[in-house]
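A.B. asks: Before anything else, here's the structure in question.
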Amino acid sequence: MAENRPIDLSTPSAARMYDWLLGGNYNYEADRLACEELLQHAPTTKELARNNRWFLERVVRTLAAEYDIKQFIDFGSGLPTANNVHHVAQKIHKDARVVYIDNDPIVMAHGRSILDENDRTAIIQADMTEPETVFEHEDFSRLIDLTEPTAALFISVLHCVKDEDDPAGIVRRVARKLKPGSFIVVCQLVSDDPDLRREVTDLMLTQTQGHWGRVRERHEVKQFFDGLQVVEPPGLVDVTDWRPNSDLQQHQRSIEWTDYGGLAEIPHQPTP
């Protein structure tokens, strides 16, 4: 079951911090103060957030335009901002369907009025560590036909999942539900600096009162793609370098840490 978290504006949330980093309005003093502390450890985190958002737009556009995907499941969707998944997908396919999943009560409050804006979108309150709950939801069944190719998005969210909740296992459980020829998108925060990984992980665990996993290394993220066929080019990369629209976007990159991942197809054989 989804965790019924009360709305606590005194405790920062990763979703509201991300909103602040993008220049959004759905954040509060606790989130802003936490971001200011985070920026002391990783000063280019605003660039990282922008690069992540641009990656979401590019990969959804690629899936819709090049692979004719019309169904999207956005795990850990976060607060609505410009060019959400359905905005991008429905520009290409008017009949594209999108299900957003999040367990943050503020996300649900704003998402129901903004993300759930037509009969081809829905937002479900659920925890991504329990994907079976998502697949059993009536709004999911209404919008997503699992006999058709689908894209499942885990964009900059798996670092919020603790090791004991097995983030790689969550990806595998979702992949098993989808038709071969469907796609999985994964990226998460990584750093080669062990001190930064420890400092930021400790900071976020403290600030969010435990609603956080950890900053990982690239080789750990590669394990999330076991049993999947990574789409080349460009493979698994800093998402700033995933089919960039312009040199300008590539130059606005983060330094201390990056979002690392890519796009993969579910093969026509069982996922291990």
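A.B. asks: Pick out the one residue from 117, 47, 57, 130 that is of a type in the set (Asp, Glu) and either at pLDDT 95 or above or closer than 18 Å to residue 262 by Cα (or both).
C.D. replies: The unique qualifying residue is 57.
A.B. asks: For the stretch 114-134, does any single residue satisfy the condition of being surrounded by 22 or more Cβ atoms within 10 Å (Cβ to Cβ), without any contact (Cβ under 8 Å) to a residue 40 or more places away in the chain, assigned to a loop (DSSP other than H, G, I, E, B) and of a type in the set (A, V, I, L, M)?
C.D. replies: yes
A.B. asks: For the stretch 131-185, how many residues meet the condition of being of a type in the set (Gly, Ala, Ser) and within 16 Å of residue 69 (Cβ to Cβ)?
C.D. replies: Selection size over the stretch 131-185: 5.
A.B. asks: Name the helices (runs of 4 or more DSSP H) wholly within the stretch 138-247 that hold at least 2 residues that are without any contact (Cβ under 8 Å) to a residue 60 or more places away in the chain, farther than 28 Å from residue 17 by Cβ and not basic (Lys, Arg)? Even if it seems obvious, please write down each step before you answer.
C.D. replies: Numbers: elements: 138-143, 167-177, 194-207, 218-223.
Fully inside the stretch 138-247 and qualifying: 138-143.
A.B. asks: Is it the case that the stretch 82-91 has a residue that's within 21 Å of residue 254 (Cα to Cα), out of contact with any Leu (no Cβ under 7 Å at 6 or more places or on another chain) and modelled with pLDDT of 90 or more?
C.D. replies: No, there is no match, as no residue in the stretch 82-91 is within 21 Å of residue 254 (Cα to Cα), out of contact with any Leu (no Cβ under 7 Å at 6 or more places or on another chain) and modelled with pLDDT of 90 or more.
A.B. asks: Among the listed residues 202, 166, 195, identify the single one that is on the phi > 0 side of the Ramachandran plot and surrounded by fewer than 24 Cβ atoms within 10 Å (Cβ to Cβ).
C.D. replies: 166
A.B. asks: Filtering the stretch 212-224 down to residues that are surrounded by fewer than 21 Cβ atoms within 10 Å (Cβ to Cβ) and in contact with a strand residue (DSSP E or B) (Cβ under 7 Å, 6 or more places away or on another chain), which residue is nearest to residue 200 (Cα to Cα)?
C.D. replies: Residue satisfying both the conditions and the ranking: 217.
The values are calculated or read from the model by the stated rules, or taken from the named source; none is laboratory data. What you are looking at is a predicted structure, and each value in this text was computed from that prediction instead of being measured. Quick reminder, even Gly has a Cβ in these numbers, built from the backbone with ideal geometry, and neighbours come from all protein chains shown.
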